[in-house]
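What follows is a short report on a single structure.
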Amino acid sequence: MFFYLRYKSGLRWVDKRLEKVPETRIAPDFLGEVRKLKITFLIDYYPVDKRFQGEPGVSYYVKADRYGVLFDTGFNVKNKEPSPLVQNAKLLGLKFPDEIDSIVISHMHLDHIGGMKNQLKRTFSLSKNDLDLKGITVFVPVRMSHPTADVVINKTPTIIERGILVTEPLPAMDYFTGKILEQALVVNLKGKGLVVIVGCGHQKVQNLLNYLEKLIPSPVYAVLGGVHLPATRSRRCGIGPPMQRILGTGKPPWNPPNRKDVEELISFLKEKKVVKVGISAHDSCDYTIGKFKDEWKDNYIEIKAGGEVIL
Ligand SMILES: [Fe+2]
């Protein structure tokens with residue numbers, strides 16, 4: 001009964017907050033654009049091959065012209081030192097933290113901030129014994145802290161560098177874990193349009209794109225990351241779609257995400273003429289990924305730990 005009442009009141013909170021989202025507009029000229037964009041998938045569920053470690057979390061390294069953003073910091077499920085994130089980055093020749101100009105945390109959930117212990121302490125880490133982040137600016141959606149980083153709680157859409165923006169945190173309500181605020185990273189790519197990088201997609205991609213449409217009058221070229229659509233049980237592992245179906249979908253446990261939700265998102269993205277799409281396997285099942293691959297074919301972006309895409 002407690003969860004049910006809290007869920008209902010949380011859904012009202014989501015609606016109210018979405019209504020209040022300020023209708024700021026950012027002119028594309030003011031945002032600026034980048035000429036080159038490479039996204040390296042450091043952590044996601046599947047690895048590209050055996051050299052890399054996959055886990056049910058997210059960490060992507062976004063290189064936009066000469067600026068490097070680390071988007072989320074993975075799960076480090078086994079609390080390893082060095083973490084899968086640091087090991088995968090090393091295999092790819094990335095020098096952390098020197099090649100990180102800023103960090104963006106999508107939301108304060110364990111699979112995006114380096115584990116449960118960090119969630120409990122409202123912090124994040126790249127590894128068990130964390131790196132010295134040397135005062136790097138970190139944009140977080142809710143109150144968090146870190147001993148060596150400059151943590152900024154982001155409340156508005158923020159241009160962090162020419163052509164690169166963090167959205168304001170949008171609301172979501174999960175039946176068991178409660179209220180969530182999640183922000184996304186957006187890069188304005190010259191001659192193409194907006195590239196939208198999503199952590200878990202609790203805020204719903206539809207809400208996010210409707211918000212962006214009001215914010216920046218530019219077409220969305222690509223959407224990649226978590227969309228939170230574990231429409232089937234698919235992989236029968238403890239962490240991954242079976243658990244995601246119960247935790248964190250924004251839908252009540254008696255009505256988990258289903259095939260119709262997948263169809264709806266595909267139709268929505270097609271209507272918005274989104275050219276390229278990539279779905280994270282950390283919070284969606286193989287059925288969902290297969291459906292998006294079938295629709296986008298050569299324009300589908302594989303998201304696997306150790307892989308990269310140049311847009
Ligand atoms: Fe997630």
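Taken over segment 271-290, residues that are closer than 14 Å to His228 by Cα and part of a helix (DSSP H, G or I) amount to 4.
Would a scan of segment 121-130 turn up a residue that is more than 16 Å from the ligand (Cβ to nearest atom), crowded, with 21+ Cβ neighbours inside 10 Å, in a helix (DSSP H, G or I) and touching a residue at least 24 places away in the same chain (Cβ under 8 Å)? No, segment 121-130 contains no residue that is more than 16 Å from the ligand (Cβ to nearest atom), crowded, with 21+ Cβ neighbours inside 10 Å, in a helix (DSSP H, G or I) and touching a residue at least 24 places away in the same chain (Cβ under 8 Å). Suppose the filter is modelled with pLDDT under 90, open to solvent by 10 Å² or more (accessible area, probe 1.4 Å) and at negative phi; does Gly250 pass it? Taking the combined requirement at face value, the residue does not satisfy it. For segment 128-169, what are the residues that are in contact with a Phe, Trp or Tyr (Cβ under 9 Å, 6 or more places away or on another chain) and more than 29 Å from Arg35 (Cβ to Cβ)? If the condition is that a residue be in contact with a Phe, Trp or Tyr (Cβ under 9 Å, 6 or more places away or on another chain) and more than 29 Å from Arg35 (Cβ to Cβ), then Asp130, Leu131, Met144, His146, Val151, Ile153 are the ones that fit. Scan segment 80-120 residue by residue and report those that are outside any loop (DSSP other than H, G, I, E, B), loosely packed, with under 15 Cβ neighbours inside 10 Å and in contact (Cβ under 8 Å) with a residue 24 or more places away in the chain. Leu91, Lys117, listed by residue number. If you go through segment 131-151 one residue at a time, how many are under 19 Å from the mean Cα position of the chain (by Cα) and open to solvent by 50 Å² or more (accessible area, probe 1.4 Å)? Qualifying residue count for the region: 1. Summed over segment 88-107, residues that are more than 11 Å from the ligand (Cβ to nearest atom) and either touching a Leu at 6+ places or on another chain (Cβ under 7 Å) or under 21 Å from Cys200 (Cβ atoms) (or both) total 9. Pairing each residue of segment 255-274 that is modelled with pLDDT of 95 or more with any residue that is in a loop (DSSP other than H, G, I, E, B) and of a type in the set (Val, Ile, Thr), provided the two are 6+ apart or on different chains, yields C-beta distances under 7 Å for Leu265/Val227.
Does Tyr287 fit the bill of being surrounded by 15 or more Cβ atoms within 10 Å (Cβ to Cβ), at pLDDT 95 or above and on the phi < 0 side of the Ramachandran plot? No: the conditions fail for Tyr287.
The values are calculated or read from the model by the stated rules, or taken from the named source; none is laboratory data. What you are looking at is a predicted structure, and each value in this text was computed from that prediction instead of being measured. Ideal geometry is used to build each Cβ from the backbone, glycine not excepted, and the neighbour counts take in all protein chains shown. Accessible surface is based on the protein model in full, side chains and every heavy atom, while ligands, DNA and RNA are left aside. Shrake-Rupley method; radii C 1.70, N 1.55, O 1.52, S 1.80 Å.
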